[in-house]
Amino acid sequence: MTAEQQIPKIKLVRIAHVHYTHADLDKAREFLADFGFTVTEDRGDTVYYKGYGTEPYVYCATKGPENEFGGAGFVVESMADLELASKTLPKATPIMDSDAPGGGKRVTFRDPVDDFPFHLVYGQTPIEKSAHLPELDYNFPENKYRPVNKTQRFKKAPAAVHKLGHVGCCVTDFAKAFEFYTTRFNLKPSDIIHEPNGKDVSTFLHLDRGMEQVDHHTWFFFEGPKYHVHHSSFEVHDFDIQSLGHQWLRDKGYDLVWGVGRHVLGSQIFDYWYDRSGFILEHYVDGDLVDETTPISRSEAGPDSLHIWGPPLPPTFLQ
């Protein structure tokens, strides 16, 4: 057993937020509103956005000289976890007070291979839910759940974001990244993807919370020649809301990346879009849940492993 393996794992509770820098913050503001975020605090050159869930913010947009991903933030279970992170993670900052919405304490460290930032927070004050969307009754061919004279009616609008679901990145050394994140944190693979020669090249990691039901993945990465963020994914209420959001973004003239379709791994219905800075954001609904009884799945990489229905996989999607 190595010295690193003897260090207790830092316990993550949930993914909380992402940070992006935009050279043109005005264009970013326009897209983020059309994507379904709500401004929770506007400081001029820094804008914090929330969903309608209990996270004080899920997206931070900052004006800067160039477009850049500023890392994802995860909530840790205890102050002890934050102290352990500050003392043992690569290039970790001291524990600092957070001036972001929700307050609390934070530590930022750098990925040991590709040097990107990764944020840990503790003690944020949650907010009240700002929406309670109805769970619709559907009429199936043999089972009719919607009463007589009850209709389904919707208004055209952006797809209101509920929460941040997961973030994905391209890393330059899969094996080192996998060892680091599964050794130092309670991150466990739901799926591992390998090449025909058996080399592992991608993984979907969930938070190991015992028998607590958690999302199929909260962090995923795949190997490539140059580090970059792939996308950040946000949950919306249901397929109707997602489809309304798709139509809203299409009518506004934004560039569609891929969607709408149904993934295989994780099962989500997906809809990927480019923002005005060239970053990919996803709306998703109906993802799988896992717990400690869920077996680790292994499968071979290939276009058919990514979706079961929807438009063809764009050739540049995994670049």
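The values are calculated or read from the model by the stated rules, or taken from the named source; none is laboratory data. These numbers were taken from a predicted model, which means no experiment stands behind them. All Cβ positions, glycine included, derive from the backbone under ideal geometry; neighbour counts span all protein chains shown. Note: accessible area is taken over every heavy atom of the protein model, side chains too, but ligands, DNA and RNA are not part of it. Shrake-Rupley method; radii C 1.70, N 1.55, O 1.52, S 1.80 Å.
Numbers at a glance
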| item | result |
| --- | --- |
| Anchor Lys156: aspartates and glutamates whose Cα lies under 12 Å away (excluding residues fewer than 8 positions away in-chain) | Asp34, Asp240, Asp251 |
| Pairs of alpha carbons in the chain whose separation is greater than 30 Å (percent) | 34 |
| Two-site FRET efficiency, Asp304 against Asn197, from Cβ-Cβ distance with R₀ of 25 Å, rounded to 0.05 | 0.85 |
| Alpha carbon centroid spacing (whole Å) that separates the stretch 301-319 from the stretch 238-287 | 14 |
| Under 25 Å from Lys144, Cα to Cα: lysines that are on another chain or at least 8 residues apart | Lys155 |
| Net length gained if the chain between Arg250 and Asp115 were fully extended (0.36 nm per residue, minus Cα distance) | 45.0 nm |
| Area of Asp45 that stays accessible when all protein chains are in place (1.4 Å probe, Å², to 10) | 90 |
| P(r) tail fraction, the stretch 104-245 - alpha-carbon pairs more than 22 Å apart, % | 56 |
| The chain, relative contact order in percent, only Cα pairs under 8 angstrom and at least six apart counted | 17 |
| Check: the chain dipole with +1 on Lys, Arg Cβ and -1 on Asp, Glu Cβ, in debye | 480 |
| The stretch 196-211 and the stretch 47-87: distance between their alpha carbon centers, rounded to Å | 23 |
| Phe239 - accessible surface, heavy atoms, 1.4 Å probe, Å² rounded to 10 | 90 |
| From the C-alpha gyration tensor of the stretch 183-319, square roots of 5λ in Å | 25, 19, 14 |
| About the Cα centre, charge dipole magnitude for the stretch 265-304 (Lys/Arg +1, Asp/Glu -1 at Cβ), debye | 180 |
| Area accessible to solvent at Thr151, 1.4 Å probe radius, in Å² | 80 |
| Using distinct alpha-carbon pairs, which all enter the 1/r mean, Kirkwood radius of the stretch 24-125 in Å | 14.7 |
| Cross-link pairs Lys163/Lys199; Lys226/Lys252; Lys105/Lys199; Lys105/Lys188; Lys27/Lys129; Lys27/Lys188 - those with Cα-Cα distance over 29 Å | Lys163/Lys199; Lys226/Lys252; Lys105/Lys199; Lys27/Lys188 |
